[in-house]
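Scroll down for the structure; my scribbles are underneath it.
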Amino acid sequence: MSNWRSELDHVIARLRVHASMTGAVALGLLAANVIIFDCGSTARWLKLAMLGFCVVVLAQCVHLLFDAALFRLALAHDNEQAGLAAIDRTLTAMGLRKTPAQPAPLAQRLAGTARLLRRQYIVLAIGVAIFGFMLFDCGTARC
């Protein structure tokens, strides 16, 4: 197995794990939001904010799993360039991107995926912070 194949296998596994973990946390926050909290007007706005952040996290989970599927498609080809070209053809056929003159290198694509992961964790942290504030707010309001 060549270096790009092993690196891509590792990235695919990591993306699946991160998407599953963050998705489970977001769904847990949504469930807790529905079941536990029914406190004053502040909590209503916080519930809506947390709902929005959790929806964004779940959408990013879908994006991560889509990236993993595209990387799996690249692994089905004999070499890195052919695999990356297949990703570009797929994205073009789906209408998500115009065909580039030169396929972006694997390192650039992996950097984009890493940025998406960072954004996802930031949004999830904001959702958890809102949940913590809701716990504090309802605890002091004695709902």
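If we scan the stretch 45-55, do we find a residue that is in a helix (DSSP H, G or I), crowded, with 19+ Cβ neighbours inside 10 Å and under 13 Å from the mean Cα position of the chain (by Cα)? Within the stretch 45-55, one or more residues are in a helix (DSSP H, G or I), crowded, with 19+ Cβ neighbours inside 10 Å and under 13 Å from the mean Cα position of the chain (by Cα). Does at least one position in the stretch 58-68 carry a residue that is at pLDDT below 95 and either assigned to a loop (DSSP other than H, G, I, E, B) or closer than 20 Å to Leu117 by Cα (or both)? No, the conditions are met nowhere in the stretch 58-68. In summary, Gly132 fulfils each of the numbered conditions (1) exposed (fewer than 14 other Cβ atoms within 10 Å of the Cβ); (2) modelled with pLDDT of 95 or more; (3) of a type outside the set (S, T, N, Q) with the single exception of condition (2). The listed residues are Ala86, Ala32, and the only one of them that is within 23 Å of the chain's Cα centre (by Cα), small (Gly, Ala, Ser), modelled with pLDDT under 90 and surrounded by fewer than 19 Cβ atoms within 10 Å (Cβ to Cβ) turns out to be Ala32.
The values are calculated or read from the model by the stated rules, or taken from the named source; none is laboratory data. Here the structure is a predicted model, which is why all the values come from computation and not from measurement. Cβ atoms come from the backbone with ideal geometry, glycine included; neighbour counts cover every protein chain shown.
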